[in-house]
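Inspection log for the structure reproduced underneath, given as structure tokens.
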Ligand code: 5GP
Ligand code: SF4
Ligand code: MG
């Protein structure tokens, strides 16, 4: 999923959120929603579909306020229904909040049961709704929203990056491992780049986190939080920093306040799949562009799995940067071999296997002139079920390729993800059930190679605190490749993923 949040009293917050979500559309196409706070109350509009299918210009005009959050959904936990679309609204007595969640919580069954016993109603079976209702419940008991969030962070386990509003304040918080990404940006009025001293005194600035860039509140006309920096770029916000693991950020007319909601884990575990596949190449994570990470993965892949060939092609879009890197490192020319229909959404996210299979043909078409008679190296970011590669290799051979050597810029996906990326039940993961040779035969390739875990890690920026040699985590979650899960999975939750 993708989440966004903005606090900007002078701006059209619903439209800013709409643009932010447009930049995050690749993170989920199932549903979209925006909630605004106008000082008095909170309004939500959400529905199934792409952002442009959910919001007309007229809809945006009715969503007026000083602050807003938005969500695009990529369903992992819970059914695909209107009720599961986000933001989730929670109204308990006079506490009205809206919550947008990226990630998956692994222990909400029991928490939901307890809330229902306490008389809190539920509309969906979504883990995110449990978080919204928990926060609402604790807030109306303590009369303190930050306390409600803090108590909820103590109870829930899993991966989460969340944005939340009530009538007047925007909150952003992240799980103690920092599994799902969340960044803070500053909206700067054009021409206001220089800090105007009169603006400094005019604006309240009692922040308990006035260090560095955040202290320069005076030049900001608002604040933005988002899953990726590409959403800051589109609204003209400047990157300030990542929300820290376990941190709660509160943004309101009183300024920006940071509090450690729960202690950060000794070792952070940022999702490595963001760099491999999920994030947009123009986003920056840990100080390095995702494009540069993927390019380096391609170079490393060429070192680890060399092959004699005439042309390197990438599977659009996420296979293109590593294909360029592979070409550069191997000296084999890079060429275009597959053209993508850009009006077809991500195939992996389509709900059934049949639609997924259809999707590959609808989305990718080979460039016969470029391919015919050539020995090809084909780079893709990952093999999950194997659906994409089986069809691609066949397509490339039909288009006249002499040889097809498949190279994957990630390790083999052997373990299911429980933290917000739908890498399926283990039985459907082809690498959990077949050897590399068997997969190569299954997809009909001349050869097949994957990037090693060490090779992948070597391409990424350092993150978090490293516990040092021998620690399997290294600042990144690699569970889908290694089976080393940073957050324990309760039996009741994990069982159906290992069938
Ligand atoms: P497969 O077709 O082997 O099941 O999945 C791999 C293909 O799906 C790759 O081309 C990859 O770019 C794409 N893909 C789309 N969404 C996802 C996702 O959420 N996870 C993974 N691993 N791959 C995805
Ligand atoms: Fe990301 Fe894989 Fe960890 Fe899931 S298991 S959070 S996809 S690295
Ligand atoms: Mg792909």
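Remarks
- Fraction of antiparallel bridges per DSSP, the stretch 293-460 only, in percent to nearest 5: 15
- Relative intensity of the chain on a log10 scale, I(q)/I(0) at q = 0.06, 0.09, 0.10, 0.11 Å⁻¹, equals -0.28, -0.62, -0.76, -0.91, per a Debye sum over C-alpha point scatterers of equal strength in the absence of solvent.
- With 0.36 nm allotted per residue and the present C-alpha distance subtracted, the residue 402-residue 454 stretch has 15.5 nm of extension available.
- For the peptides 161-174, 391-404, 54-67, 225-238, the ranking by mean Cβ contacts within 10 Å, running from highest to lowest, is 161-174, 225-238, 391-404, 54-67.
- Translational diffusion of the stretch 21-106, estimated by Stokes-Einstein from the Kirkwood radius over alpha carbon pairs at 25 °C in a medium of 0.890 mPa s, is 185 µm² per second.
- Computed log₁₀ I(q)/I(0) - Debye formula, equal Cα scatterers, no solvent, the stretch 293-460, q 0.13, 0.17, 0.18 Å⁻¹: -0.58, -1.04, -1.17
- Angle between the chain longest axis and helix 13-23 axis [Cα atoms, degrees, rounded to 10]: 10
- Förster radius 56 Å - calculated FRET efficiency between residue 253 and residue 447, Cβ distance, rounded to 0.05: 0.35
- Ranked list, fewest to most other Cβ atoms within 10 Å of each Cβ, for 19, 498: 498, 19
- Cβ-derived FRET efficiency at R0 35 Å, residue 147 paired with residue 10, nearest 0.05: 0.70
- log₁₀ of I(q)/I(0) at q = 0.17, 0.18, 0.19, 0.23 Å⁻¹ - the stretch 1-71, Debye sum with one point per alpha carbon: -0.51, -0.57, -0.64, -0.92
- Every Cα-Cα pair in the stretch 2-265 was counted, and those over 31 Å apart are 18% of them.
Since every read-out is calculated from the coordinates, none of them should be taken as a lab result. Predicted, not measured: the structure shown is a model, and the values here were computed from it. When we count neighbours, we look across all protein chains shown, and the Cβ atoms used for this are built from the backbone with ideal geometry, even at glycine.
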